[in-house]
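Have a look at the structure below before the remarks.
Derivation of every value follows stated rules applied to the coordinates shown; laboratory data play no part. Every value quoted in this text rests on a predicted model; they were computed, and no experiment measured them. In this analysis, Cβ positions are derived from the backbone assuming ideal geometry, glycine residues included, and neighbour counts consider all displayed protein chains.
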Amino acid sequence: MHVAVQAIDRESWRDGVASDGTRLIPEETPIALTYNGGTYAVMMGTPQNLEDFAVGFSLSEGIVKSADDIQSLEVVRLDDGIELRMWLASEDAGRMSERRRHIAGPTGCGICGIESIAEAVRPAAVVPQGQTFTPDKIMTAMQGIAPLQAINMQTRAVHAAAFWSPARGIVALREDVGRHNALDKLAGALARSRTDASGGIVLLTSRVSVEMVQKAAAIGAPVMVAVSAPTALAVRTAEAAGITLVAIARQDGFEVFTHGGRVACRATEVADVA
């Protein structure tokens, strides 16, 4: 049975004392993404929100241009893993065949199996101007993540990606043992709910590598905020994509690396929310 969390027997050694008991830990399972009968990728991930993962992965990989391009989607649970079986229109299938690669994707790996350097560092989509936010709003958004991380509250071992808007707060949050998977799941959730990401913030509980910026740009989010630091390539990519990259967001504040004009110093500088 593919569940997100498992109770595992373990022996604990703390303060010089041994004790038996159980610990809740996240599940990790192979997830195959297939299109029109052919396997495109096999990723390791948390078996939850799989429809969101299928749609988000397809969008971030450029296999489809919208969720509507996926004509059918079936989650097939097998003894040794899960298949996400998708069928595309003929023109999408042709584009996918040109880019097909077989990936064995370790947890935390976002670009395994890419065959060229150019593909790995491909330019991200340029995002719209979007909204301006005060530091207080950014801090409020980040503080809203932890209470909604159901799996992480049990295990302390998974990443989360969330989307926050001024009018609705946290609109969606997805968790996974892989940070890239969590962001793909979020992308799928937003696409399936027809949520316009141009007016909000993508929130991450992980570091920011280049592929995380590429995925946020594909979502169309003008601002991304992460608890950890970015890589230098991620900063350059965010700058080129027009994304405001905020990182090292902790309880005492954060650091802005690109396009700081969207971070208003005073509440009066913030544009009205429609």
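Once backbone amide H atoms are built at 1.01 Å from N, residue 40 has 33, 34, 35 as its partners under 5 Å, excluding neighbours fewer than 5 places away on the same chain. Among 165, 66, a tally of other beta-carbon atoms within 10 Å of each Cβ gives an order, fewest to most, of 66, 165. Among beta bridges identified by DSSP and lying wholly in the chain, the antiparallel ones come to about 70 percent. Amide H contacts of residue 45: 29, 31, each under 5 Å away and 5 or more positions distant or on a separate chain (H built 1.01 Å from N in the peptide plane; Pro and chain starts excluded). Most simply put, the range 1-90 has about 85% antiparallel DSSP beta bridges, counting only bridges with both residues inside it. Karplus-derived 3J(HN,Hα) values for the range 146-152, using 6.51 cos²θ - 1.76 cosθ + 1.60 with θ = phi - 60°, are 3, x, 9, 8, 4, 5, 5 Hz; glycine and proline are entered as x. When restricted to Cα atoms, the range 135-269 yields an Rg and a Dmax of 13.5, 41 Å, respectively. Taking the number of Cβ atoms within 10 Å of each Cβ as an exposure proxy, the fewest-first ranking of 259, 2 is 2, 259.
From the mean inverse distance of alpha carbon pairs (Kirkwood) and the Cα radius of gyration, derive Rg over Rh for the range 115-201.
Over the Cα atoms of the range 115-201, Rg/Rh equals 1.01.
Summarising the amide proton neighbourhood of residue 6: residues at separation of 5 or more, or on other chains, whose placed amide H is nearer than 5 Å comprise 25, 27. Normalised by the number of residues in the chain, the average gap of Cα pairs under 8 Å and 6 or more apart makes the relative contact order 18 percent. Magnitude of the charge dipole for the chain, about its Cα centre and with charges confined to Cβ atoms of Lys, Arg (+1) and Asp, Glu (-1), is about 540 debye. For 196, 20, the sequence from fewest to most other C-beta atoms within 10 Å is 20, 196. Using a cutoff of 8 angstrom between alpha carbon atoms and counting only pairs six or more residues apart, the relative contact order for the range 22-69 works out to 26 percent.
Using bins of 10 Å that start at zero, the share of Cα-Cα pairs per bin across the chain amounts to 7, 29, 34, 21, 8, 2, 0, in whole %.
Estimated translational diffusion coefficient (Stokes-Einstein, Kirkwood radius over Cα pairs, 37 °C, 0.692 mPa s) of the range 21-65: 275 µm² per second. Take the Cα of residue 228, go 7 Å toward its beta carbon, and the backbone nitrogen atoms of the range 156-184 under 15 Å from that spot belong to 156-161, 176-183.
Computed from backbone phi, the HN-Hα couplings of the range 242-248 come to x, 8, 7, 9, 10, 9, 6 Hz, rounded to whole numbers (Karplus: 6.51 cos²θ - 1.76 cosθ + 1.60, θ = phi - 60°; Gly and Pro given as x).
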